[in-house]
Structure formats: structure tokens, C-alpha cells
Amino acid sequence: MVLLALEASGREEPGLVQAMHAYGWGLYNQELCGTLAGAVAVLSLFDKKGDDILMIPEFVRWFKQEFGGANCREIIGEGCRDFSGCLSIMAASFAKLQELLLENGIVLEEWDG
């Protein structure tokens, strides 16, 4: 999620991308979904007005409603190691993320940091 947003904005943040690897497969324990964690990081990273305090709860509510929870085990099932379903979750989440940012006047492709 972070990598998608950075690429869309033309930025490179290798340290941030590396740090976000820790969220893979729900903290490697099927806990908090890495897509959700990445989206929250993006909202915070790209918002300079303080609107992330509003966007983050809205995104989390949408995510839970859309995918049935915030943890990998709730979304893809206990013990599941088939990540093929994660791609559609990432795609839908990235679209929602862009929608929220746009509603708050932030266009990733035009963001100047």
C-alpha cells in the first residue's frame, strides 16, 4: 500500500517501505492486516493539514465493513497462507484511499510533500 502510494506520487522512501514489511501477513501472525496498516500510514504520511485524524477512522470503518474485520485471520481465515485474495483487498483499499485523499484535496500524482 505504501509502495503504491509512493510510486503514484513519484517519491522514493526505501526505509519506510522496508519498515512496512513488518506488517506482512498480519505482523507475521495473522493479526492486523498489512494493507490496513499501510493505508493508515499513507493517510498520515500524505496529509499535512491534520485531516488524517478524520480520514483514518473513516478508512478503518470502511475496511472492516468491506472485508469483515481488521485482522488477517478474520479476512482470509485462520492459518491461511494463500495471499491471492490479498491483491483484490489491496486494489479496493488503494481506490478508497485515493478517494479519501481526493476528498481532502490531496492528489497523489500532484503531491509535492
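The values are calculated or read from the model by the stated rules, or taken from the named source; none is laboratory data. Remember, predicted model here, so these are calculated numbers, not experimental data. For neighbour counting, all protein chains shown are included, and Cβ atoms are generated from backbone atoms with ideal geometry for every residue, glycine included.
Summary table
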item	result
Pick from segment 54-113, criterion modelled with pLDDT under 90 and among the acidic types (Asp, Glu), ranking: surrounded by the most Cβ atoms within 10 Å (Cβ to Cβ)	74
Top-ranked residue in segment 1-15 [being without any contact (Cβ under 8 Å) to a residue 40 or more places away in the chain and under 17 Å from residue 93 (Cα atoms); ranked as surrounded by the most Cβ atoms within 10 Å (Cβ to Cβ)]	6
